[in-house]
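The values are calculated or read from the model by the stated rules, or taken from the named source; none is laboratory data. Bear in mind that the values here come from a model prediction, so they are computed numbers and not experimental data. Every residue, glycine among them, receives a Cβ derived from its backbone with ideal geometry; neighbour counts consider all protein chains shown.
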Amino acid sequence: MLRRVLLVVVAIVVIAGAWFAGLVFGFFGAHQGPGEIAKRPIPAPIVAARASAESAAARDVGVAEPKQILFGDLHVHTTYSPDAFQTSLPLLQGDGAHPPADACDFARYCSALDFWSINDHAEGITPAHWAETKETIRQCNAVAGDPANPDVVAFLGWEWTQIGTTRENHYGHKNVIFRDTEEERVPKRPIASTGLVRNLLANRTLLARVLPPLLDFGNREEYFDFDYFAREVNSNPPCADGVPSPQLPLDCSETAATPQELFSKLTEWGFDVLVIPHGTAWGFYTPPGSSWDKQLTGEQHDPEKQRLVEVYSGHGNSEEYRDWREVTVAPNGSASCPEPTDDYLPSCWRAGELIRERCLAASLDAAECERRTLEARQNYVDAGIAGHRTVPGATSADWLDAGQCKDCFLPTFNLRPKSSVQYIEALTNFDDPAHPRRFRLGFIASSDVHSARPGTGFKEFARQVNTEARGARTPEFARLVAAPAGPPEARSAPFDLNTPVAGFGLIEFERQASFFLTGGLAAVHSAGRDRGAIWSALSNREVYGTSGDRILLWFDLTNAPGGARVPMGGEVAMNDAPAFEVRAVGARMQKPGCPDDSVQALSPERLERLCRGECFNPTDERKLVTRLEVVRIRPQATPGEDVSQLIEDPWQVFACPPDPNGCSIRFDDPDYAVEARDTLYYVRAIEEPSNAVNGGELRCSYDGDGNCVEVKPCYGDFRTAPDDDCLAMVEERAWSSPINVNRLR
């Protein structure tokens, strides 16, 4: 009997040991392929009916001979992106892998887009992934029907995902998108960044690899597959330095440390390409005090490639500038904590107050508590994006609304004002006084979705599917994806950014969950539905962005020299007062469910898993546009000119009648002829309020002085019910691209 027991114990130990060794040495898991695309195009009459509805709306609002307005999403991740694969896992309430084929089917059958692009993080794309991505995009286009009139156009691209540890070495994220898809017209490999993102998979701990499949044994294969994916990425050797990009071998990982290097490598290929910055003002990963001034140098900006910027996405709104600061940067480069203002509470200041409250509660001397308060503020500043780690035991609710823009429309988390789009547009570089440099960027919006679901903003539902608000499924899993906060202490703890932490512990992922939204859209005024026509509109900046609703918007300068009209995104030289015309029509309201063409194209199981039973399904009734806002920016005319005095937002506001056929206004600027300086103008079309996922963001309760005294965060993890969409009323909107009006010299 004893011998049998011993044999059983030995067998269990051997099996367990073999299983553990398999985990450690990577014997388990399999490559996740690109998936299969449904082969049924959207019928041509249905596509034509969509165009007819928009044309009729254009005629009703008085637009003569309009181009087509087409809607798309130029920022789409699949589980070929490392972070997307990770958040698809069961421990983060993910619903499994969503490869590139899912993005094609979602764009065609769920969100009914006219165009989209794939933008997986280059840092996680192996040669096999790149080959599969290219082939999937080609297949998606092959299903689209007549190339001159396709149901949807798919573009090929990637995301260059740079994150600096300091404001000096941070440049941010840029999507790289190519006009063509043929093998001879695209690079052999994507070009990744260097730094934090690239180290994400390389630095996975043994504990992070072993525990998930043990704790969630029924779903172990999904964790094995992610581990296999990580090994695939880490096995890709770096490319040699100093070798022109086209001459490098296929099976190496190519990197560019700065925008200058990225633009240089893209120039070596010589293909038609657009580089689109996004998340410029995101405090999620952008070091406090970061500024876009350094990106306007001749080396770091290529005006032929970098022609568009993303003002809004599922991570919030990066448009608006404010003159408060998250840190104060001295001339010598040192940083300190600024005092609060009526409209802004610096997070570093809140860190000090939390420590002060704890210190006094512990009955310590007031002078000692003041010293610890000052220490806590500076520790927070010194820790950069990990400042929240300097206050032991602090919860997301403890921070109240610290770090947030209180009067912005759906602002991005921890907004960085000197990286906002308005600030970017106001800058001028005078390194060469005879040829000052400016950014001239068209505006788009996108989703930045990480579940292969382009255009998620067509309906406001399914928060944990259509936004990035996903967190740990249980408290036990929470300890795997973020380092424990520890018990509250009455003293701040310095934090070194080089300290290894678990999962998303370096960044405020917990508070960020309240700021994840359904995505925006890019709209183009296009001469046709084909790839070339859409690309021309993008390149010409004849584009605008929306917060998700398919608002129709026209913005033109009407008195250019020679009597020409200049559309949004255009540029003109003139000395007379410019005159403008704006027309806008609200988005069509939605009915529940999916249209017949989607139901017939996908199986019931796939329709439910991918679309969650809801598709773009418009009625003939439209939302009302309630007002039109005009923003005027006068870019710097002399070095050091105060940007806060150059951005007028709003400069003019026009109320719209309650007319479902839309709103039309004309205005001019007599100041332009008098003040004799270059000026740019753009407009916002604002819709009547409607419910939006996470529309209340932190959901503050305020006292009589306007201070946030309590928050009700909408968590991504187990603390908020999965079916709670945290809906709140917002005013959806569209942002036109600017029209630049320059003085004749």
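Does T78 fit the bill of being in contact with a strand residue (DSSP E or B) (Cβ under 9 Å, 6 or more places away or on another chain), of a type in the set (S, T, Y) and at pLDDT 90 or above? Criteria met by T78.
Table: residues versus (1) within 19 Å of N742 (Cβ to Cβ); (2) under 14 Å from the mean Cα position of the chain (by Cα).
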site	(1), (2)
G403	no, no
F413	no, yes
E425	yes, no
T428	yes, no
P433	yes, no
S446	no, yes
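Taken across the stretch 268-276, residues that are in the same structural domain as D703 (by TED's automatic domain parsing), more than 22 Å from Q645 (Cβ to Cβ) and in a helix (DSSP H, G or I) do occur, with at least one present. The helices (runs of 4 or more DSSP H) located wholly in the stretch 119-234 that include 2 or more residues which are touching a Lys or Arg at 6+ places or on another chain (Cβ under 7 Å) and buried (at least 19 other Cβ atoms within 10 Å of the Cβ) occupy 220-234. In this structure, W554 qualifies as of a type in the set (F, W, Y), in contact (Cβ under 8 Å) with a residue 12 or more places away in the chain and crowded, with 24+ Cβ neighbours inside 10 Å.
Listed conditions (1) modelled with pLDDT under 95; (2) closer than 23 Å to S701 by Cβ; (3) surrounded by 15 or more Cβ atoms within 10 Å (Cβ to Cβ) are all met by D401, apart from (1). Among the residues of the stretch 329-352, is any under 21 Å from the mean Cα position of the chain (by Cα), within 27 Å of N379 (Cα to Cα) and either in a strand (DSSP E or B) or charged (D, E, K, R) (or both)? There is no residue in the stretch 329-352 that is under 21 Å from the mean Cα position of the chain (by Cα), within 27 Å of N379 (Cα to Cα) and either in a strand (DSSP E or B) or charged (D, E, K, R) (or both).
Checking the stretch 307-319 against the condition returns a match, with at least one residue being surrounded by fewer than 22 Cβ atoms within 10 Å (Cβ to Cβ) and within 29 Å of the chain's Cα centre (by Cα). The helices (runs of 4 or more DSSP H) located wholly in the stretch 445-556 that include 2 or more residues which are modelled with pLDDT under 95 occupy 463-466, 475-481, 509-512. For the stretch 695-716, the candidate set comprises residues that are in contact with a helix residue (DSSP H, G or I) (Cβ under 6 Å, 6 or more places away or on another chain) and not aliphatic (A, V, I, L, M); within that set, the residue that is surrounded by the fewest Cβ atoms within 10 Å (Cβ to Cβ) is Y715.
Scanning the stretch 267-279 for residues that are under 19 Å from R440 (Cβ atoms) and touching a strand residue (DSSP E or B) at 6+ places or on another chain (Cβ under 6 Å), we see that the one that is surrounded by the most Cβ atoms within 10 Å (Cβ to Cβ) is I276.
Across the stretch 601-622, what is the total count of residues that are loosely packed, with under 12 Cβ neighbours inside 10 Å and either of a type in the set (D, E) or not in a loop (DSSP other than H, G, I, E, B) (or both)? Total meeting the criteria: 5.
Any idea which of P212, P246 is touching a residue at least 12 places away in the same chain (Cβ under 8 Å) and either among the β-branched types (V, I, T) or under 20 Å from E123 (Cα atoms) (or both)?
Exactly one residue qualifies, and that residue is P246.
Check the stretch 678-695 and report whether any residue there is assigned by TED's automatic domain parsing to the domain that holds S446, at pLDDT below 95 and not polar (S, T, N, Q). No. Among all positions in the stretch 682-694, there is no residue which is surrounded by 15 or more Cβ atoms within 10 Å (Cβ to Cβ), of a type in the set (S, T, Y) and in contact with a helix residue (DSSP H, G or I) (Cβ under 7 Å, 6 or more places away or on another chain).
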